[in-house]
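Beneath this line is the structure, given in structure tokens, with notes to follow.
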Amino acid sequence: MKRLRLDRWTGQALVARSGACSASTPRAALRSAAVPRCAAVRSQSTSAVLQIPKDDEYYDGTDHTRFPPLERLPPRATSLPSPPPERALKSAKLAALRARLSLPDKLPLQTLARALVDASADDNPLFNNTNLAFVGQSLINYHVAEWLMCRYPRLPMDILYAAMKGYAGPASLHQVARSWGIEHAAAPGGEVDPGLLQFSMHKPGNAILGFGTRRAEADGMKKYKWRHSLSNRVIFDDDFGQVVADAAEQEKPQLLRRADTEYGNEYTRALAEAAYSTCARAVVGAIYAHTGREPVKAFVRAHVLSRTLDLSRLFAFAKATKELSLLCAREDFDPPTARLLSETGRASRTPVFVVGIFSGADKLGEAAGPSLEHARSKAAMNALKSWYLYSPGEHVRVPSDVLVEDARPWEPAYIDMGEIIGR
Amino acid sequence: MEAIVVRPAVSCCRSAVSAGPTSSRLLLNTLPTGIRQKSTSARTRRALNIPPHPSFLNANNSTGNSGPDGLRGTRRDTDQIIFNPPSSAPSVFHTPFKFLPKNDPRRRANLTSSLFASSTTIHYNATQQQSSSTSPTSMPAEQTFSPEDFPMAEGPVVLKPRHHLAKADIEEMRRLRETDPVTNSVQSLARQYQCSKLFVLMCCQAPREHQDKIKAGLEKTKERWGPRRRAAREERARREGMLRTGEL
């Protein structure tokens, strides 16, 4: 059992007790009065008290008694919006991140540190990751789009957009960056570790990170839900077919005000997602800037395209049977017929019908359902999905494969005539 | 052999139970050991000892063998790959042969489905099966089907448009609907002109008052619905939506 050492208790508590029962422990009260309050802060520590230089050039107004610095900071570090680049070489977190991602040595730690500074933390484009992220975003979207085009040549345009977003959208890249083990600083500043992601919880960055123009009618589209066609989306909107929105209009003042008082809300989560996805893009951009085309392609394949996305879940058909008969008419197949392959429990509460869709002697799709109508439409949907999800093979060549030296000449990829359009 | 012994015992027990329902519990309790329970490990082992799937057996021997062990057959002794997957819904990522493009290598090589067919695949095309059954690897005595063997599972019958109505007929239909929408309902007009109700709806529009009256009547009906009926209808609509998005 340990001996209680009352003299090492904090001065404040002992002073408070001394008034109440001064007669019982007069000695303790005497001691507590003798101990100065500032010394009580580190009284339980056996290490030497850190020598804090009182130089104005080094420090500016930080309470060093409460927050002693962990390392010796360069001059005026705390006045900068983001850590100075030379500190990147001493950061253990950055070195660990580079080792975890197996990044080549050609990629300097300073660039990796810059990829972790969001535009909302430091609005100077020479020190934040905007430029790297723009390059990275273009590269990721290019590689994802060309792979989807060659691997699933019959995907309709809106499914292609959804798949693009599923692979390279902000939510996915946010998860990718989190899986890399990147942590974020509570608040950006020059004194934080350069290995931490830095973004502001109070304002979104004003960096332009993609193509697409802001429509003049965007407000009306949001308010009145105006229809905008797919070809319209191809021309005006961003790489995922979504209307380009201003960063300012996403601001929600109420949530913004609460961001400091509560642990996190919808607004701060959106900011974190944007910052993390920008960081992932910036890392890709940094790899391209320092090592070139082939390593960045391998990196995108390994970290973005290797993720599992079930494309068959992206489809939704309004009139599947009609679309299937249109398809059969277009391709000169026999008109589709639905046939009951097997059934069980027709009179019971939970029957199961297995319906197949045939065109001539060939079966196009099959599905089981609790009613004949249900199974029939589901079978038609499966047939349409297997049409749209045709793939030439698992390991298709993409156009960027011919950019390497002594590559085989390019054979034209399969181009489909287009999706089925109802008349 | 055990099954043969057991089944008459079960049936006679059942008949005894059905004969005297009042004393059924008593009867079951007092019955002698007619039913062989899996009380011992030997009986359990024997009960679980079911013959293997035919694809695991040697095809040539099992057909000729008529001895007491004929059901069991013999294990395959040659080096063969046994592919016997569990039955499951077909994947949409396996493109049907008909959907392959003209220049696809799978089509060029004429790798028909019989080559890749598993033991559980039903062959729909009888002629294809016959041509491939000459190869020694095909399954013996497998039943062949053609699509015509299965009953049709078509949805509601959609009549083909006959295009028999002239412009004057449509004008007349509109006039009738405009003057008296109650007697000239959509259904009666469709019957009168021998066209679909959809076509009547495409041609004519009832007067505003009539539409409002119908709408008010519908609202009144909906007000009478209780929570159960409302919830059931909502759930049905939700199920339809889930079916379209592939969640169901």
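The values are calculated or read from the model by the stated rules, or taken from the named source; none is laboratory data. All figures in this text were calculated on a predicted structure; none of them were measured in a lab. Please note: Cβ atoms are built from the backbone with ideal geometry, for glycine as well, and neighbour counts cover all protein chains shown. Surface areas here come from the heavy atoms of the whole protein model, side chains and all, with no ligands, DNA or RNA. Shrake-Rupley method; radii C 1.70, N 1.55, O 1.52, S 1.80 Å.
The listed residues A:Lys363, B:Lys167 rank as B:Lys167, A:Lys363 when sorted by accessible area, largest first, using a 1.4 Å probe. Residue by residue, region A:336-343 carries 3J(HN,Hα) couplings of x, 10, 9, 10, 7, 7, 7, 8 Hz when phi is fed to the Karplus relation 6.51 cos²θ - 1.76 cosθ + 1.60 (θ = phi - 60°); x denotes Gly or Pro. Taking Lys and Arg as +1 and Asp and Glu as -1, the other residues whose beta-carbon sits under 14 Å from that of A:Ser377 total +1. Calculate I(q)/I(0) for region A:285-341 by the Debye formula, one identical point scatterer on each C-alpha and no solvent, and give its log10 at q = 0.17, 0.31 Å⁻¹ to two decimals. Log10 I(q)/I(0), no solvent term: -0.71, -1.12. A:Val352 contributes about 60 Å² of solvent-accessible surface, heavy atoms of the protein only, 1.4 Å probe. Each peptide in B:181-194, A:393-406 gets a packing score, the mean of other Cβ atoms within 10 Å over its residues, and the list from highest to lowest is B:181-194, A:393-406.
For the segment A:351-358, counting C-beta atoms of other chains within 10 Å of every residue's C-beta and taking the mean gives 3. Within the shell defined by Cβ-Cβ distances under 10 Å, the residues around A:Trp387 carry a net charge of -1, with Lys and Arg each +1 and Asp and Glu each -1.
Qualifying trypsin sites (Lys or Arg not before Pro) in region A:74-169, where qualification requires a DSSP coil assignment and no more than 12 other C-beta atoms within 10 Å, comprise A:Lys106. Can you tell me how region B:207-248 classifies by the Cα gyration tensor, rounded, prolate or oblate, using a/c under 1.5 as the rounded cut? Cα axes put region B:207-248 in the oblate bin.
Here the contact order of region A:113-157, divided by its residue count and restricted to Cα pairs under 8 Å and six or more residues apart, works out to 25 percent.
The 3J(HN,Hα) values that the Karplus relation (6.51, -1.76, 1.60; θ = phi - 60°) gives for region B:86-95 are, in residue order, x, 5, 7, 5, x, 7, 6, 7, 8, 5 Hz. Gly and Pro appear as x. For region A:197-263, the relative contact order comes to 38 percent (Cα pairs under 8 Å, sequence separation of at least 6). Sequence-distant contacts, meaning Cα pairs under 8 Å at least 6 residues apart, place the relative contact order of region A:317-390 at 26 percent. Taken across both chains, chains B and A shield about 3200 Å² of accessible surface from a 1.4 Å probe.
These residues, A:Met164, A:Met149, go from largest to smallest accessible area, 1.4 Å probe, as A:Met149, A:Met164.
For region A:316-423, the set of chymotrypsin sites (Phe, Trp or Tyr not before Pro) satisfying both a DSSP loop assignment and a count of at most 12 other C-beta atoms within 10 Å is given as A:Trp410.
Computed with every protein chain present, the accessible area of A:Asp123 is close to 120 Å² [probe 1.4 Å]. Looking at region A:85-312, the pairs of alpha carbons with a distance over 23 Å make up 50% of the total. Note on region B:38-53 and region A:99-177: Cα centroid distance 60 Å, given to the nearest whole angstrom.
Each semi-axis of the equivalent ellipsoid for region A:186-333 is √(5λ) with λ an eigenvalue of the Cα gyration tensor; in descending order they amount to 36, 25, 16 Å. Counts of other chain beta carbons within 10 angstrom of each beta carbon in peptide B:93-105 average 6. The alpha carbon gyration tensor of region B:140-248 gives principal lengths a ≥ b ≥ c with a/c of 1.5 or higher and a/b no greater than b/c, which makes the shape oblate. Look at the stretch A:379-386: the mean tally of other chain Cβ atoms within 10 Å of its residues' Cβ atoms is 4. Residue-wise HN-Hα couplings along region A:153-165, as the Karplus relation 6.51 cos²θ - 1.76 cosθ + 1.60 with θ = phi - 60° gives them from phi, are x, 9, 4, x, 4, 6, 5, 4, 4, 5, 5, 4, 5 Hz; Gly and Pro carry x. For the set A:Leu384, A:Leu341, solvent exposure ranked by accessible area (probe 1.4 Å, protein chains only) runs largest to smallest as A:Leu341, A:Leu384.
Charge tally around B:Phe93: other residues with Cβ under 13 Å, Lys/Arg +1 each, Asp/Glu -1 each, net +2. A probe of 1.4 angstrom, applied to the heavy atoms of all protein chains, finds B:Glu219 with accessible area near 90 square angstrom.
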